[in-house]
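The structure appears below as structure tokens.
The values are calculated or read from the model by the stated rules, or taken from the named source; none is laboratory data. In this text the structure is predicted, and so the values were computed from the model without any measurement. Glycine also receives a Cβ, built like all others from the backbone with ideal geometry; neighbour counts cover every protein chain displayed. Only protein heavy atoms, including side chains, enter the accessible area calculation; ligands, DNA and RNA are left aside. Shrake-Rupley method; radii C 1.70, N 1.55, O 1.52, S 1.80 Å.
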Amino acid sequence: AILEDIPPPSVHWYDGSDSDDTAAAKPADAFDAEPFSMTASTVGYDVYLGRTVTGRIYSGKVTNGDAIALLRRGDDAEGGSSGPTTSVSGVFANRGVSRVPLEPPVASAGDIVTLTGVPDNVAVGDTLTSAANPVPVAVDAPPLAPPTLSCLFGANNGPLQGQEGSKLTSNLIRERLIGETDNNVTITVTKSETDSEKTVVYGRGELQIGILVEQMRREGFELVLSPPRILTKKCPDTGKEVEPFEEVVVDVDAEYSGTVVNALTGARKGVLVEMSDDKDGKTRLAFEIPSRGLLGFGPEIATLTRGTAVMHHCFLEDRDYAGNINIGSLKGKLVSNDQGKATLYALEALSARSTHLFVTPGDMVYPGMVIGESNKSGDLEVNPVRAKAVTNMRTQNKEEKLYLPPPKRMTVEELIGYMADDEVIEVTPESVRLRKEELDSGKRERAARSKKKQMKASQENKGKK
């Protein structure tokens with residue numbers, strides 16, 4: 001029934017006409033003599049088959065043994081192919097969740113297939129074409145959205161390192177991240193220029209980085225993750241600093257539309273560009289906002305709308321720097337000053353000084369580890385391992401029961417948007433901890449004083465100018 005109601009896919013043919021509608025009226029066999037071309041929609045890597053490319057065949061046909069060449073986005077056949085010519089070694093199609101080889105291994109225009117034996121330097125948006133009879137120009141393809149933020153990945157150097165994971169060194173972490181780029185073309189990995197033991201990962205958002213970290217921890221890696229940095233650059237025309245802006249579309253119940261507008265257009269520097277209602281009581285809101293303004297917004301909007309909002313965002317363009325965005329938590333953190341297992345007695349006393357605790361009795365803590373959020377501004381050094389004094393004196397409160405609210409457990413994605421600039425996320429196969437980058441409290445205080453003096457001097461210099 002579906003084949004009867006849905007028309008066959010359109011096919012392109014090179015007779016001087018660019019109309020796919022005219023080509024669609026002819027049978028697919030009529031286009032087999034046309035030059036083969038296919039746009040790479042997905043690039044992957046298989047340990048047995050090598051580099052793979054998935055896409056829809058735009059014209060012609062392909063089979064095993066065909067010689068193919070690579071045309072970069074915007075190139076033409078007169079300029080020559082980019083890289084050596086290769087031979088197709090396999091033609092596969094997806095059947096459900098499985099990838100099966102075609103029998104016979106022939107695919108024609110309109111088919112969505114996966115090819116092996118393709119050039120190793122192929123990228124998403126490039127065109128594969130016949131080496132003997134290439135197409136005149138590369139097939140048009142939408143551009144890839146550039147990365148918007150970066151994070152530093154490094155080996156776990158905390159006091160509890162090596163107790164839960166099996167892959168601990170920075171070299172293993174870097175090899176795993178480089179291997180991720182074989183199948184995830186939206187990730188870019190480079191070696192850090194400031195620290196040879198760390199690796200810089202460029203991605204499109206905190207969700208993408210969070211998914212990568214979750215995959216790695218399930219594979220046995222122990223690592224630390226630095227706060228995200230939004231990628232800015234200088235405009236070549238004006239010389240001003242520009243940053244990425246994104247288009248955000250939120251579908252939410254009408255009663256929460258005002259809450260979403262206030263959350264995105266306030267400190268996050270978003271601009272409401274469209275608002276529409278439907279008959280089902282839903283409101284669609286469209287915003288243009290700096291990428292910095294979206295850090296940590298996913299958990300916040302889920303709380304504000306009680307989980308009823310659906311948000312989608314994509315890269316829009318680079319625009320002038322929007323200024324300071326103060327979206328971080330105004331409250332300080334409770335930082336442990338001792339190592340050991342957290343006790344119920346100590347945590348119950350600390351619960352009155354916090355809005356949330358991140359640990360439960362019995363959890364291992366160490367100096368510099370963040371165990372909760374303070375209900376006041378500024379970080380507070382606390383002792384979560386303090387035990388109740390044991391005496392032989394019987395008092396009225398001796399047998400008093402202690403009650404502790406449940407801890408707040410945050411995912412890697414939530415912590416990326418929550419942590420401060422002087423904190424890192426420690427990720428192991430069994431635990432996700434938030435801690436200070438510098439574990440020594442004395443060094444942290446000296447660094448804070450030095451930073452405060454530098455800011456004061458900078459403000460004085462600006463005032464003189």
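Miscellaneous remarks
- With all protein chains modelled, accessible area of Val427 [1.4 Å, Å²]: 0
- Counting heavy atoms of the protein chains alone, Ser98 has an accessible area of about 60 Å² for a 1.4 Å probe.
- 222 nm mean residue ellipticity, helices alone, for the chain (DSSP H n ≥ 4; -39,500 (n - 2.57); rounded to 500): -6000 deg cm²/dmol
- Listed values [x] -0.82, -1.20; [y] -0.68, -1.19; [z] -0.58, -1.01 include one computed from this model; for log10 I(q)/I(0) by the Debye sum over Cα atoms at q = 0.09, 0.12 Å⁻¹ that value carries the label [x].
- Carbon and sulfur %, accessible surface of segment 330-459 computed with the full protein complex present, 1.4 Å: 50
- Centroid-to-centroid separation of segment 265-321 and segment 414-447 [C-alpha atoms, Å]: 28
- Between Ala447 and Lys282, the FRET efficiency from the beta-carbon distance, with R0 = 56 Å, is close to 0.70.
- FRET efficiency, Glu180 to Asn326 (Cβ-Cβ, R0 35 Å, nearest 0.05): 0.60
- 3J(HN,Hα) from dihedral phi, segment 190-198, Karplus parametrisation 6.51/-1.76/1.60, rounded to Hz, x for glycine, proline: 9, 7, 5, 7, 9, 9, 5, 8, 10
- Between Asp75 and Leu102, the contour length at 0.36 nm per residue exceeds the alpha carbon distance by 6.7 nm.
- Our note on the geometry: Cα centres of segment 329-369 and segment 143-179, 27 Å apart.
- Anisotropy class of segment 35-156 from Cα gyration tensor, a/c 1.5 cut: oblate
- Rounded FRET efficiency, nearest 0.05, which uses the C-beta distance separating Glu430 from Leu272 and R0 of 45 Å: 0.55
- Contour excess over end-to-end distance, with Cα ends at Arg229 and Thr42 and 0.36 nm allotted per residue: 64.6 nm
- Relative contact order [Cα under 8 Å, 6+ residues apart], the chain, whole percent: 11
- Residues of the chain: accessible area per residue with a 1.4 Å probe, Å²: 55
- At least 27 Å along the helix axis (C-alpha) and Kyte average at least -1.0, DSSP helices within the chain: none
- Highest to lowest packing among 190-197, 408-415, 284-291, scored as the average C-beta count within 10 Å: 284-291, 408-415, 190-197
- Rounded to the nearest 10 square angstrom, His312 shows an accessible area of 110 square angstrom against a 1.4 Å probe.
- Here segment 191-265 exposes an accessible surface that is 47 percent carbon and sulfur, computed with a 1.4 Å probe and the other protein chains kept in place.
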